[in-house]
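To start, the structure under review is shown below, and the notes come after it.
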Amino acid sequence: MDFLTIIQILDSTIRLATPLLLACLAGLFSERSGIIDIGLEGKMLVSAFFSAAVAAMTGSVWIGLCAGIVSAVLFSLIHGLASITFKGDQLISGVAINFLASGMTVLIAQDWFSQGGRTPSLSGDARFDSLDWPGAVAMRDAFRAERAGDGDPTGLSAIYWDMISGHTILVYVALLAVPVSWYVLFRTRFGLRLRAVGENPAAVDTAGVSVVRLRYASILIAGLLTGLAGAYLSTGLAAGFVKDMTAGRGFIALAALIFAKWRPWYALWACLLFGLLEAVGNRYQNIELVGFELPVQFMQALPYILTVVILAGFVGRAIPPRAGGKPYVKER
Amino acid sequence: MNQATAPAIELKGISKAFGPVQANKDISIRVMPGTIHGIIGENGAGKSTLMSILYGFYKADSGEIFIHGNRTPIPDSQAAIAAGIGMVFQHFKLVENFTVLENVVLGAEEGGRLTPSLSKARKLLKQLSEEYELHVDPDALIQDLGVGMQQRVEILKALYRQADILILDEPTGVLTPAEADHLFRILEGLKREGKTIVLITHKLREIMEITDTVSVMRRGEMTATVKTAETSPEQLAELMVGRKVLLRVDKEPAQPGRVVLEVENLRVIDGKGVERVRGIDLQVRAGEILGVAGVAGNGQSELLEVLGGMRTGTGTIRVNGQEIDLTGKHSDARTRRKRGIAHVPEDRQREGLIMDYYAWENVGFGYHDDPEYNRGWLMNNDALRDDARRKIEKFDVRPADCWLTAKNFSGGNQQKIVIARELERNPDLLLVGQPTRGVDIGAIEFIHQQIVALRDAGKAVLLVSVELDEIMSLSDRIAVMFDGRIMGERLPSETDERELGLLMAGISDTEKPHDAAEVEQNLAHARGKVM
Amino acid sequence: MEKMPKWADVALIPLINLVLALVVSGIVVTLIGEDPFEAMAIMVRGAVGSTYGWGYTLFYATNFIFTGLAVAVAFHAKLFNIGGEGQAQIGSLGVALVCLAIPWPHWILALPVAVIGGALFGAAWAAIPAYLQARRGSHIVITTIMFNFIASALLVYLLVETLKAPGMAPETERFPPGTFLPNARDIFAAVGIEFGRSPLNIAFLLGLLACWLVWLLMWRTKLGYEIRAFGHSESAAVYAGISPFRIVMLAMLISGALAGLMAVNAVMGEQQRLLQDNVLGAGFVGIAVALMGRSHPVGVLLAAILFGALYQGGAELEFETSVPREMIVVIQALVILFTGALDNMVRDPVKRMFLRYGKRDPQPGTTPAE
């Protein structure tokens, strides 16, 4: 494995980690407020569909993005209605949302485009372009030119022009969302209340703050972030929507959230790790590791296996927010 | 009406129903500013509901609230806080993994950014602590504090919000007499500052000690409001219950026989690795009731749970001379029952009963593998139902319907189902925890009589209760627990509440005079480890 | 506190929930330009309008009986087993290994061994999440979700690397004919009734038997008494000497075994070879079935038949109109949403209605269950 290959793998790690990260932060806001969200997958999926569909119809990825966010927020509101307003079971609501998204997207795709449950391929302004950082293109050209010659460049510059530069805007948004989330959660009034409501909603209620409003706020943020995640999947990473294209990413994000112990910075590392696993799995079929041959299926299953190991508490215990999963009912 | 003479609180015709249960019925009350007003009543009389309405935690179905003479609708806690009302709930409303400072600030922050709010609160908190003797470390996490300290945080929370009306719901339930005295001194100080205080309690002693006026509630209604100076405990008790009550249990002197239960060097470590029971030795003989007194959280519950097979421990326990398994395969509650140990647990709703099971299913709970209830592979539900009908009749459970689920019975009748199940097994040893918590006075007498009758039948009884009255009146011998140890044993005839109170605070030398500060320090030290 | 008659809880509310789900589904159908009543008619006709339709309906129902019972048994222990899908997948591996192990002379011999194989493998796949829940407190919902993915990866690996039959597709060889289960068509033909060609087979009777056994287990045995008690209150179970570890393990093992049994119907009864995805979401349908059926075997049976009809009717709908099969997934989602998550939306008004028009004597004073 040469240096350039490593850079390429890291480059695709960042791409693949982006939807995970956005979804993971969505789960973070939701679960920190006490609403367990196993419907991340479904919300990403509706957003992926609507952003691709609307982008295909209007030719503008930005309008598509807006449509995706709106759809994910609407699904969030269903979850909120079930788990906040009607104090229903959050897990069951999440399961329902995942199915609803999986069925609806294909249903509508078929009705709108009649292409077997997919959207037309997106191109041009209907997709997110990659942003080239200042000088990146020139550096790449220079590197390639040198390589074509007999020079032996180390390729260190590739860190800049390949790994850092050249992603779509949503990648940078996702990375930026990490410090922003941290700041909001730990340095603002809203964050204090949000964390409190996930630990002991009665404390928030008796302090004169509306539990319902706070939880809806967190759910809306989750909707927004999953909306971005879904839009990135179909208009950034891929060029259009296909059936069930989230392919379990919502659950990997959930796994990353547990891995990250419900903390923004840890979430970044967890998502990068899972993104790396996916990138490596994509590039190599079977990997040889100290004499063992690891099948590609093992690489695909690794995030899930790691999560189970973490949950089992063998590697540091993950303590979820205390009021998570429980609807707030005033005690008598 | 001008501001000076208007009542600080005036409630007019407050009613509130929870489903079919009328918790408050047309209640009116006036509390003058700068006074301490007590609200007394039995469990379930509607005291807490009424005050929760005043604090906006519940919404009243009808009625009006006036604060300082102005009609003030209180639809939520925010409105209550704005009206200058603060409340310390019986179960504290604190965020366990937040600091004291964060808890105090929560909901009363200034501006969107947290840091300025916190630093401002830190200054104010310091000022308040000094003013009212409410010292507490602002950076400590709530989960590391003892209950007494947590209560201070709750009071500080109210003061920080500039409350001039403070409601406290059963504030002494978790405190020793000495800690309670300290709390009362704080309340006196607040009163001097002109604050109005409402104290909800079911303890007559506290009412007599500290309040200026007192209102009595019974079954959702306000039965009387009187000046404390012009009433007596007997009169209040009668108002609470609606008839004359015996505050003492009639019983013959005990006839202790052979030793039934022997406990040697018992130790219990809880799930968090804290040692809750720290080497206990005790004996209970046939035909006697050993009462274990102590402030909640000093290891009594764990003692009971180990004996009942709900926890593991180390040391030696012998029942009828035979050692029982404390950690192994046979340390479970099922095996204990087979060894003749019956257990009336402290919390009947979480432990003693399955609230969604029918009465007849609950009658076999814990004994469900008894051959009497089984036929081969299957359970014999007919036998269970027959047995249930018999017990319901014998113990006068109402309504006498074995097809009702446990949650449809009142607290007293639920407890009767548990007592019937455990006592009818004719055990050698009965473990009883808080037998009358949340039980109406009529049922209390009945339950006490049943326990004494079991003793008179020559059985050993171990009673754990945080109610000193109950311990004093039922026990033949009293052991006081503090910080996981037994501080001393006394005979009820040779001790009094003061001495027991000192023992409960961890002071074994009860002869010499002690000041409150010493008691407090002692408790704080112990709680640092225990809580 | 409940002043609502039992029939309202077990029949009225689920029925209202179902109607709501269907109304919303109808709106969806309208939005995509089809006539909902027409669609409904096609679905009903397709599902129960012929012996062929009934055959498919009951074949699907058999799958859902097993996965529904699996979820229901776990629900009684207050465990949400989302892992039915993975347990059924691994169960199918067990059934396939049994069927491929020897050239079975007759299905009568193969069936009981396949039942054991499917149940054992399904139970084994549930055992790890169960153990982690019971001993380490790992949230079983998350671990079972993870195990679904792991199961699917494992099955793909085995089908690609070790069990693959010669040829392109990652699947095993066809099972020997001695494992073929009697089909409804053949059985009915033996008594002179003509029954359409469908995959309905003898495993349906196995499903009915499972319903009865689960009922017996939950309401007539000590273990069932203990499982339900534990599900209502863990601390009370400990007080009564019921070991939480034992209950979590047993409830999940039974749950996993039931999910694994689905393969007897789907893999042994229909596909007759092990395919990459042989469960096709039936594990998840089990959640909807258990919710609708209020975790009672009779309810599960009825709900399973309903969903079987939905699946068969949905297939017909796709065939006759432009509504794709995914319509079923939408209906299924709505049923889960309304009967599971939005239950209180219907329950509270119904409760209030009974309170108002039922007993009109609010009891003053003592608060039960304070």
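Ranked from largest to smallest solvent-accessible area, with a 1.4 Å probe on the protein heavy atoms, C:W104, C:W7, A:W265 come out as C:W7, A:W265, C:W104. Just how far, in whole angstrom, is segment B:344-377 from segment C:185-211 if you go by their alpha carbon centroids? Value for the Cα centre distance between the two parts: 43 Å. The overall shape of segment A:200-332, judged from the alpha-carbon gyration tensor, is oblate: a/c is not under 1.5, and a/b is no greater than b/c.
DSSP bridge analysis restricted to chain B gives an antiparallel fraction near 55%, rounded to the nearest 5. Placing unit charges on the Cβ atoms only, positive for Lys and Arg and negative for Asp and Glu, gives segment C:64-281 a dipole magnitude near 520 debye about its Cα centre.
For A:L131, the residues 5 or more places off, or on other chains, whose built amide H falls under 5 Å of its own are A:G166, A:H167, A:T168, A:I169. Heavy-atom accessible area for A:I258, with the other protein chains in place and a 1.4 Å probe, reaches approximately 10 Å². Considering only C:A70, C:P103, C:I150, and ranking their Cα positions along the charge dipole of the protein assembly as shown that arises from unit charges at the beta-carbon of Lys, Arg, Asp and Glu, the one farthest toward the positive end is C:A70.
Can you tell me how chain B classifies by the Cα gyration tensor, rounded, prolate or oblate, using a/c under 1.5 as the rounded cut? In terms of gyration-tensor shape, prolate.
For peptide B:323-332, the mean count of partner chain Cβ atoms within 10 Å of a residue's Cβ comes to 1. Taking the Cα centre of segment B:243-354 as reference, the dipole from Cβ charges on Lys and Arg (+1) and Asp and Glu (-1) amounts to some 380 debye. Taking every DSSP helix (H) stretch of at least 4 residues in the protein assembly as shown, weighting each as -39,500 (n - 2.57) and dividing the sum by the residue count yields a mean residue ellipticity at 222 nm of -17000 deg cm²/dmol.
The phi torsions of segment C:168-176, fed into the Karplus equation with coefficients 6.51, -1.76 and 1.60 and a -60° offset, translate into couplings of 7, 6, x, 8, 7, 5, 5, 5, x Hz, rounded to whole numbers, with Gly and Pro shown as x. By DSSP, the beta bridges lying fully in segment B:9-241 are antiparallel in about 50 percent of cases. For segment B:350-426, the relative contact order comes to 38 percent (Cα pairs under 8 Å, sequence separation of at least 6).
The distance separating the Cα centre of segment C:49-96 from that of segment C:135-181 comes to 16 Å. Farthest toward the dipole's positive end in chain A, which of A:I7, A:P295, A:G94, given Cβ charges of +1 (Lys, Arg) and -1 (Asp, Glu) about the Cα centre? Most positive-ward Cα: A:G94.
Working ranking of peptides A:106-118, B:261-273, B:95-107, B:16-28 by packing, defined as the average number of other Cβ atoms within 10 Å per residue, highest first, is B:95-107, B:16-28, A:106-118, B:261-273. Close amide H pairs (under 5 Å, H built 1.01 Å from N) link B:G433 with B:V344, B:E346, B:V464, residues at least 5 positions away or on another chain.
On chain C, 67 percent of the accessible area sits on carbon and sulfur atoms, based on a 1.4 Å probe.
Packing, taken as the mean count of other beta carbons within 10 Å per residue, orders the peptides C:220-231, B:386-397 from highest to lowest as C:220-231, B:386-397.
B:K120 sits with roughly 110 Å² accessible to a 1.4 Å probe, with DNA, RNA and ligands left out of the calculation.
On the basis of the beta-carbon distance and an R0 of 60 Å, C:A41 and B:A82 show a calculated FRET efficiency of 0.50. Interface size, chains A and B: roughly 2300 Å² of accessible area buried, both sides included, 1.4 Å probe, rounded to the nearest 100.
Restricting to the protein assembly as shown, what percent of DSSP beta bridges are antiparallel, rounded to 5? Once the DSSP bridges in the protein assembly as shown are tallied, antiparallel ones form about 60 percent.
Can you send over the solvent-accessible area of A:S157, 1.4 Å probe, protein chains only, in Å² to the nearest 10? Surface accessible to solvent at A:S157 totals approximately 40 Å². Dividing the mean sequence gap of close Cα pairs (under 8 Å, 6+ apart) by how many residues segment B:9-241 holds gives a relative contact order of 29 percent. In this Cβ point-charge picture (+1 for Lys and Arg, -1 for Asp and Glu), the protein assembly as shown has a dipole of about 1180 debye about its Cα centre. Each of B:G352, B:G287, B:F89 was scored by the projection of its Cα onto the charge dipole of chain B, and the greatest displacement toward the positive side belongs to B:G352; charges sit on the C-beta of Lys, Arg, Asp and Glu.
Here segment A:227-306 and segment B:426-490 have alpha carbon centers that stand 60 Å from each other. Near the amide H of B:R218, within less than 5 Å, lie the amide hydrogens of B:T223, all on another chain or at least 5 residues away, with H placed in the peptide plane. 3J(HN,Hα) along segment C:109-124: 7, 6, 4, x, 5, 5, 4, 5, x, x, 5, 4, 5, x, 5, 4 Hz, from the Karplus curve 6.51 cos²θ - 1.76 cosθ + 1.60 with θ = phi - 60°, whole Hz, x for Gly and Pro. Only Cα pairs under 8 Å and 6+ residues apart enter the sum, and on that basis the relative contact order of segment A:65-142 stands at 12 percent.
Using the Cα gyration tensor of segment C:64-281, with a ≥ b ≥ c the square roots of its eigenvalues, what is the shape: rounded (a/c below 1.5), prolate (a/b larger than b/c) or oblate (neither)? Because a/c hits 1.5 or more and a/b fails to exceed b/c, segment C:64-281 counts as oblate.
Sequence-ordered 3J(HN,Hα) estimates for segment C:215-220 from the Karplus curve with 6.51, -1.76 and 1.60 and θ = phi - 60° stand at 4, 4, 4, 6, 10, 10 Hz, glycine and proline given as x.
The values are calculated or read from the model by the stated rules, or taken from the named source; none is laboratory data. Since the structure is predicted, the reported quantities are computational estimates derived from the model, not experimental observations. Note that we place each Cβ from the backbone using ideal geometry, even for glycine, and neighbour counts take in every protein chain shown. Just the protein is used for accessible areas: all its heavy atoms, side chains included, with ligands, DNA and RNA removed. Shrake-Rupley method; radii C 1.70, N 1.55, O 1.52, S 1.80 Å.
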